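A.B. asks: Please see the structure below; I have some questions.
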Amino acid sequence: MEDTFGDDDFFSDGDGEPITAQKVLQTLEEAWLNEKFCPDLLPSQADYVECMMEQIQQMEENVNKLKKNDFRVEVHHMELARIRYTITSYLRSRLEKIEKNTAYILEQEALRGPENSYLSEGELIFARDFLALQENHCKQLVLQHVPPPFQDFMPTQQSLVPNLRSHVFLRAKKDVDGVVIEGDRDSRDEEVDLEENSQHIMQYKPIANFVKDGTIQLI
Amino acid sequence: MFCEKSLKLIKELDRSQEAMPPFDDDGVRQVFEEMRGLYDQNVAAANDTTADPDGTAISGIAIRHAALERNKRCLLAYAYNRILRVRNMRWQFGPILPHDIKANFNEPEVQWFNNYNICVARYFKSIGAHGLDLTADVKPPKSLYVEVRSLTDYGKLELDNGEVVLLKKHSTHLMSRAQCEPLITQGVLEQISN
Amino acid sequence: MFCHGLISLDGGCQQLCHHRKIMSLCHSYVPNYFSIPDILATQEKVPCTFEVQVKHLGFLDPGSDKRDIEVGTNIELPFWMASVLKTQRPAIADVGLPKIFKESYRDILKADPVVVDLHKLAPYFYEFGMSLCMLNHRESPEIVNVLVESFKQRFRKILDWAQHSNIEVPESKKLDNAEKIIYQAGREVGSSLHLWLTEGGSLIMAAGMVMQHKKMKLTQRDLLQ
């Protein structure tokens with residue numbers, strides 16, 4: 001279905017470098033799988049989402065110009081439905097994590113600072129609104145009715161954190177040297193090298209940064 | 001025994017699984033009362049140092065303090081897990097809930113649902129230039145059209161291509177997947193397997 | 001207020017110790033404050049032997065009508081309370097092991113973990129076991145081993161049942177709460193894989209809560225007729 005977008009569709013990725021629609025879609029698909037399998041929230045690809053949605057709209061307009069019984073209509077409609085699914089599924093995974101670990105995610109976001117944010121603008125507003133909603137509800141229903149020393153809300157949120165030690169399936173997109181796997185009480189730290197295209201199961205934590213910079217793909 | 005009433009709330013929720021039992025106002029109020037009692041006893045024990053020359057009062061205080069924390073945890077877990085179900089209902093039923101389900105909410109839960117609706121709608125609107133409904137497209141598409149049977153007398157429905165169909169109970173239709181998905185999710189239509 | 005300064009100080013220390021112990025025993029285990037299974041698991045009873053007198057709380061011992069709890073009294077108490085008794089300085093009570101984690105039962109579990117009816121003996125076997133280990137009982141390392149070994153062997157069986165049987169196997173009644181969740185998840189994955197292989201995709205279905213709601217309405221109507 002390569003030619004749903006022509007090869008000559010170019011976008012700018014912000015640094016002035018033009019990239020093709022195919023490349024945008026591929027980036028989104030990788031981001032979607034990573035987000036689906038990653039226990040923690042990954043940096044947002046909101047720019048790519050936006051770009052893809054513009055492209056979908058344009059495509060829909062073009063498809064509607066074709067004759068009704070042109071068989072290409074069906075093919076293009078199908079491809080557009082698949083792209084829409086990828087986008088909504090990607091954004092749903094993110095929203096679920098934001099709702100689950102709201103306080104933690106907002107705290108991490110504040111530590112990183114605005115120039116290095118992981119949340120899109122819309123997500124950030126949603127996260128703040130959602131935490132306020134939870135706090136307000138807990139206060140109204142419970143906290144304002146209990147003795148004063150037990151009225152704190154924030155400490156109850158401390159346990160809502162992603163488990164960075166949960167295991168993930170992954171593929172190395174390039175050679176990755178010197179991944180340090182922490183030992184436990186029975187074993188020492190260990191260093192492993194991952195070969196290009198090799199697949200592994202291991203804890204998320206030691207490879208977190210490689211997922212974020214794109215050298216490792218979760219599968 | 002301490003905290004039996006708050007444990008009852010948790011067991012009630014555990015038993016009902018995904019469903020929404022009526023909010024147990026009375027049970028919750030009883031836990032508040034137990035907490036107030038425990039707290040008053042602790043304040044009295046801590047201030048009455050004359051009655052405690054050997055310092056053993058601290059053990060009682062510690063135990064009652066643990067019971068207070070436990071009660072708080074159970075109450076908040078009760079509130080939180082109910083809200084989690086309310087949240088899932090927004091994603092499964094859509095922004096309007098059946099009356100008999102809403103009847104089991106208490107007032108703050110109705111408010112929470114309405115406010116959550118607003119948050120979600122605002123977020124959906126912020127995606128892209130024209131917004132995107134994330135409650136749609138929940139399954140990967142396999143075909144563009146599916147055969148469906150109507151489960152209720154739903155009435156007229158305008159299809160994407162402008163055609164209008166009448167959804168009557170037991171009537172069958174061939175419809176675009178995108179359009180019938182929300183209606184299947186809400187239980188208006190069912191997909192006919194081939 | 002005097003009592004709060006003191007208690008919160010104490011509580012703070014307790015959290016610190018707690019944290020260190022979790023780190024050394026089970027790295028990835030963070031009980032969720034709102035988790036219903038965790039609340040139920042920490043409700044399981046453990047035997048406590050009081051080392052100091054506790055005034056006015058005699059009613060915690062159902063077998064006695066005394067006003068105070070005397071030194072040397074044995075009471076079975078929920079884990080959440082026992083952990084506070086043990087971690088106070090000085091400790092209020094010594095905490096023993098419940099039957100299922102004692103040596104005699106550990107030996108049974110070591111011999112053949114698959115036949116043990118955990119649902120009956122300890123419905124929150126793993127959660128409860130891990131919480132118990134945080135109290136640093138001298139037999140904790142043994143308990144950790146039994147938890148891991150039991151899980152490894154039972155998991156193989158669970159996987160087998162989930163993949164190779166269409167109906168719910170009777171043995172699934174003997175699973176602990178966490179195992180049941182794994183078993184059900186395994187069955188669901190198995191049937192959707194089957195559907196995908198035979199039909200090339202699954203049907204769009206009504207949402208779970210919507211179906212439940214419909215069923216409820218139907219039964220209500222039947223009852224009214």
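A.B. asks: Please tell me if B:I184 is under 30 Å from B:L13 (Cα atoms), more than 8 Å from chain A (Cβ to nearest Cβ), at pLDDT 85 or above and surrounded by 14 or more Cβ atoms within 10 Å (Cβ to Cβ).
C.D. replies: yes
A.B. asks: Enumerate the pairs (first residue in region B:148-173 and among the acidic types (D, E); second residue anywhere and surrounded by 11 or more Cβ atoms within 10 Å (Cβ to Cβ) and at pLDDT 90 or above) with beta-carbon separation below 7 Å, excluding pairs fewer than 6 apart on the same chain, so at least 6 apart or on different chains.
C.D. replies: Note: pairs meeting the criteria are B:D153/B:K168.
A.B. asks: Residue under question is B:L68, and the condition is that it be more than 10 Å from chain C (Cβ to nearest Cβ) and crowded, with 17+ Cβ neighbours inside 10 Å; does it hold? Spell out the reasoning first.
C.D. replies: On the way: more than 10 Å from chain C (Cβ to nearest Cβ): no; crowded, with 17+ Cβ neighbours inside 10 Å: yes.
It is false that B:L68 is more than 10 Å from chain C (Cβ to nearest Cβ) and crowded, with 17+ Cβ neighbours inside 10 Å.
A.B. asks: Is it the case, given these coordinates, that A:G113 is within 20 Å of A:L41 (Cβ to Cβ), outside the structural domain of A:E195 (by the TED database) and either at pLDDT below 95 or touching a Pro at 6+ places or on another chain (Cβ under 8 Å) (or both)?
C.D. replies: So A:G113 passes the test.
A.B. asks: Could you tell me whether A:F126 is in contact with a Cys (Cβ under 9 Å, 6 or more places away or on another chain), within 30 Å of B:L38 (Cα to Cα) and of a type outside the set (A, V, I, L, M)?
C.D. replies: On the way: in contact with a Cys (Cβ under 9 Å, 6 or more places away or on another chain): yes; within 30 Å of B:L38 (Cα to Cα): no; of a type outside the set (A, V, I, L, M): yes.
When the stated conditions are applied, A:F126 does not pass them.
A.B. asks: Moving to a separate point now. For A:N69, indicate whether it is more than 24 Å from B:R82 (Cα to Cα), outside any helix (DSSP H, G or I) and in the same structural domain as A:K36 (by the TED database).
C.D. replies: Details: more than 24 Å from B:R82 (Cα to Cα): yes; outside any helix (DSSP H, G or I): yes; in the same structural domain as A:K36 (by the TED database): yes.
The answer is yes for A:N69.
A.B. asks: If we keep just the residues of region B:134-146 that are more than 7 Å from every other protein chain (Cβ to nearest Cβ) and within 20 Å of the chain's Cα centre (by Cα), which is modelled with the highest pLDDT?
C.D. replies: B:T135
A.B. asks: Tell me, which residue of region C:173-200 that is modelled with pLDDT under 90 and surrounded by 14 or more Cβ atoms within 10 Å (Cβ to Cβ) is farthest from the other protein chains (Cβ to nearest Cβ)?
C.D. replies: Filtering first and then ranking leaves C:G190.
A.B. asks: A further question on this structure: A:L131 - would you say it is part of a strand (DSSP E or B), at pLDDT 95 or above and within 26 Å of the chain's Cα centre (by Cα)?
C.D. replies: For A:L131, the condition - part of a strand (DSSP E or B), at pLDDT 95 or above and within 26 Å of the chain's Cα centre (by Cα) - is not met.
A.B. asks: Restricting attention to region A:181-218, which residues are under 25 Å from the mean Cα position of the chain (by Cα), assigned to a strand (DSSP E or B) and surrounded by 11 or more Cβ atoms within 10 Å (Cβ to Cβ)?
C.D. replies: Correct list: A:I181, A:L194, A:Q199, A:H200, A:M202, A:Q203, A:I216, A:Q217, A:L218.
A.B. asks: Sticking with this structure for a sec: Given the conditions (1) assigned to a loop (DSSP other than H, G, I, E, B); (2) within 13 Å of chain B (Cβ to nearest Cβ); (3) surrounded by fewer than 20 Cβ atoms within 10 Å (Cβ to Cβ); (4) not basic (K, R), and given that A:L119 satisfies all but one, which numbered condition is not satisfied?
C.D. replies: (3)
A.B. asks: While we're here: Looking at region C:30-52, is at least one residue assigned to a loop (DSSP other than H, G, I, E, B), within 26 Å of A:F150 (Cα to Cα), of a type in the set (F, W, Y) and at pLDDT 90 or above?
C.D. replies: Filtering region C:30-52 for residues assigned to a loop (DSSP other than H, G, I, E, B) gives C:30-35, C:42-44, C:51-52.
Pick out the ones that are also within 26 Å of A:F150 (Cα to Cα) and you get C:30-35, C:42-44.
Adding the requirement that they be of a type in the set (F, W, Y) leaves C:33-34.
So of that shortlist, the ones also at pLDDT 90 or above come out as C:33-34.
Yes, the conditions are met somewhere in region C:30-52.
A.B. asks: Mind telling me which of the residues B:Q17, B:Q41 ends up being among the polar types (S, T, N, Q), surrounded by fewer than 21 Cβ atoms within 10 Å (Cβ to Cβ) and over 20 Å from the mean Cα position of the chain (by Cα)?
C.D. replies: Testing whether each residue is among the polar types (S, T, N, Q), surrounded by fewer than 21 Cβ atoms within 10 Å (Cβ to Cβ) and over 20 Å from the mean Cα position of the chain (by Cα) leaves just B:Q41.
A.B. asks: Taking region B:123-133 on its own, how many of its residues are in a helix (DSSP H, G or I) and more than 7 Å from every other protein chain (Cβ to nearest Cβ)?
C.D. replies: The total comes to 2.
A.B. asks: Quick check: anything in region B:92-102 in the same structural domain as B:D14 (by the TED database), surrounded by fewer than 19 Cβ atoms within 10 Å (Cβ to Cβ) and either touching a Ser or Thr at 6+ places or on another chain (Cβ under 6 Å) or at pLDDT 95 or above (or both)?
C.D. replies: So far as region B:92-102 goes, no, none of its residues is in the same structural domain as B:D14 (by the TED database), surrounded by fewer than 19 Cβ atoms within 10 Å (Cβ to Cβ) and either touching a Ser or Thr at 6+ places or on another chain (Cβ under 6 Å) or at pLDDT 95 or above (or both).
A.B. asks: For A:S89, all conditions in the list (1) without any contact (Cβ under 8 Å) to a residue 12 or more places away in the chain; (2) within 9 Å of chain B (Cβ to nearest Cβ); (3) surrounded by 15 or more Cβ atoms within 10 Å (Cβ to Cβ) hold save one; what is the number of the exception?
C.D. replies: Evaluating A:S89 over (1) without any contact (Cβ under 8 Å) to a residue 12 or more places away in the chain; (2) within 9 Å of chain B (Cβ to nearest Cβ); (3) surrounded by 15 or more Cβ atoms within 10 Å (Cβ to Cβ) leaves (1) as the failure.
A.B. asks: Kindly indicate the residue of region A:160-175 that is more than 7 Å from every other protein chain (Cβ to nearest Cβ) and among the hydrophobic types (A, V, I, L, M, F, W, C) and also surrounded by the most Cβ atoms within 10 Å (Cβ to Cβ) among those meeting that condition.
C.D. replies: A:L170
A.B. asks: Return the residues of region A:21-47 that are touching a strand residue (DSSP E or B) at 6+ places or on another chain (Cβ under 9 Å) and among the aromatic types (F, W, Y); say none if nothing qualifies.
C.D. replies: A:F37
A.B. asks: Being farther than 20 Å from C:Q88 by Cα and modelled with pLDDT under 95 is true for just one of B:T56, B:T50. Which residue is that?
C.D. replies: Step by step, each of B:T56, B:T50 is checked, and only B:T50 is farther than 20 Å from C:Q88 by Cα and modelled with pLDDT under 95.
A.B. asks: Small (G, A, S) and either part of a loop (DSSP other than H, G, I, E, B) or closer than 21 Å to A:K139 by Cβ (or both): does that describe B:A19? It would help to see each step written out before you state the result.
C.D. replies: Numbers: small (G, A, S): yes; either part of a loop (DSSP other than H, G, I, E, B) or closer than 21 Å to A:K139 by Cβ (or both): yes.
Taking the combined requirement at face value, the residue satisfies it.
A.B. asks: Among the residues of region B:103-122, count how many are in a helix (DSSP H, G or I) and surrounded by 17 or more Cβ atoms within 10 Å (Cβ to Cβ).
C.D. replies: Of the residues in that region, 7 qualify.
A.B. asks: Output the number of the condition that C:L135 fails; it satisfies all remaining conditions of (1) in a helix (DSSP H, G or I); (2) in contact with a helix residue (DSSP H, G or I) (Cβ under 6 Å, 6 or more places away or on another chain).
C.D. replies: That leaves (1) as the condition not met.
A.B. asks: Kindly provide the set of residues from region A:143-159 that are of a type outside the set (G, A, S), assigned to a loop (DSSP other than H, G, I, E, B) and facing another protein chain (nearest Cβ under 7 Å), ordered by number.
C.D. replies: Within region A:143-159, A:V146, A:P147 qualify.
A.B. asks: Condition first: facing another protein chain (nearest Cβ under 9 Å), touching a Lys or Arg at 6+ places or on another chain (Cβ under 9 Å) and over 30 Å from A:Q57 (Cα atoms). Can you find one or more residues in region B:90-104 that meet it?
C.D. replies: Yes, because at least one residue in region B:90-104 is facing another protein chain (nearest Cβ under 9 Å), touching a Lys or Arg at 6+ places or on another chain (Cβ under 9 Å) and over 30 Å from A:Q57 (Cα atoms).
This table checks each residue for (1) part of a loop (DSSP other than H, G, I, E, B); (2) in the same structural domain as C:Q153 (by the TED database); (3) over 30 Å from B:K142 (Cβ atoms).
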| position | (1), (2), (3) |
| --- | --- |
| C:I167 | yes, yes, no |
| C:K173 | no, yes, yes |
| C:Q184 | no, yes, no |
| C:E188 | no, yes, no |
| C:H213 | no, no, no |
| C:T219 | no, no, yes |
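A.B. asks: Of the residues that make up region A:174-188, is at least one at pLDDT 95 or above and of a type in the set (A, V, I, L, M, F, W, C)?
C.D. replies: The answer is no; no qualifying residue exists.
A.B. asks: What number of residues in region C:188-210 are farther than 20 Å from C:S165 by Cβ and not small (G, A, S)?
C.D. replies: Qualifying residue count, region C:188-210: 6.
A.B. asks: Quick check on A:P148: is it surrounded by fewer than 13 Cβ atoms within 10 Å (Cβ to Cβ), in the same structural domain as A:R92 (by the TED database) and either modelled with pLDDT under 95 or of a type in the set (A, V, I, L, M, F, W, C) (or both)?
C.D. replies: The answer is no for A:P148.
A.B. asks: Those residues that are of a type outside the set (S, T, N, Q) and more than 14 Å from chain A (Cβ to nearest Cβ), I need them from region B:14-25; list them, please. So that I can check it myself, show each step before the final result.
C.D. replies: Of the residues in region B:14-25, the ones of a type outside the set (S, T, N, Q) are B:14-15, B:18-25.
B:D14, B:R15, B:E18, B:A19, B:M20, B:P21, B:P22 - these are the residues of region B:14-25 that are of a type outside the set (S, T, N, Q) and more than 14 Å from chain A (Cβ to nearest Cβ).
The values are calculated or read from the model by the stated rules, or taken from the named source; none is laboratory data. In this text, all values refer to a predicted model and were calculated from it rather than measured experimentally. Heads up, the Cβs are rebuilt from the backbone with ideal geometry, glycines too, and the neighbour counts pull from every protein chain shown.
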